[in-house]
Amino acid sequence: MSIRVFHRDEPTLRLPLISKDARFVVWPGTDAWNANMNYVVLEPGEANVPHIHEKSEDSIFILEGEGLAVDYTNDVSLPFHAGCVVHVPAGIKHAIVAGSMSPGSHRFLPACQPPNSAAANSRLSSRYSATLGPGICARACAQPLIRRANSAAVHA
């Protein structure tokens, strides 16, 4: 396999669990087994469904907007704005909430390293294999904001 270039406006999968406009760009469904990059737009006041990445860290680079990173495991909410990176360790139940007072869309790039479990990725890949096509890749890292979690339900 060689280098490939993807574009956010040509996502390989859309997943409404994350937001009304969540685009999987690089993920195991594009044969990227050790990387994951999504492009997500949240409208003011919109939040993604609280969830856990059981075996992967989540780094979320905020491109535009402001809001709160909510850690349900440790009962912590931290503010963010454009230019910030939210880092979520594996096992933390979390959600991103777009600020309701800021105008326009909130855009961010979540990246999981490594992507969720192989079993979950296999289920996603086989379920959505008919929608695969082109997408962009990058990775943002930051100092962890919250500690490792103990338990909670896991989404695939």
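Quick one: is Val88 in contact with a His (Cβ under 6 Å, 6 or more places away or on another chain) and among the aliphatic types (A, V, I, L, M)?
Values: in contact with a His (Cβ under 6 Å, 6 or more places away or on another chain): yes; among the aliphatic types (A, V, I, L, M): yes.
Yes; evaluated as a whole, the condition is true for this residue.
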Among (1) closer than 17 Å to Tyr39 by Cβ; (2) modelled with pLDDT under 50; (3) outside any loop (DSSP other than H, G, I, E, B); (4) hydrophobic (A, V, I, L, M, F, W, C), the one test that Ala130 misses: (1)
Which numbered condition Arg23 misses (of (1) basic (Lys, Arg); (2) out of contact with any Leu (no Cβ under 9 Å at 6 or more places or on another chain); (3) under 18 Å from Phe6 (Cα atoms)): (2)
Can you name the residue in region 17-53 that is touching an Asp or Glu at 6+ places or on another chain (Cβ under 8 Å) and free of Cβ contacts under 8 Å to residues at least 60 places away in the same chain and is also surrounded by the fewest Cβ atoms within 10 Å (Cβ to Cβ) among such residues? Lys20
Is it the case that region 54-65 has a residue that's free of Cβ contacts under 8 Å to residues at least 24 places away in the same chain, surrounded by 16 or more Cβ atoms within 10 Å (Cβ to Cβ) and either closer than 27 Å to Phe6 by Cβ or touching a His at 6+ places or on another chain (Cβ under 6 Å) (or both)? no
Among the residues that make up region 21-35, is at least one of them within 14 Å of the chain's Cα centre (by Cα) and aromatic (Phe, Trp, Tyr)? yes
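The values are calculated or read from the model by the stated rules, or taken from the named source; none is laboratory data. Predicted model, so just to flag it, every value in this text is computed and none were measured. Cβ: placed from backbone, ideal geometry, glycine included. Neighbour counts: every protein chain shown.
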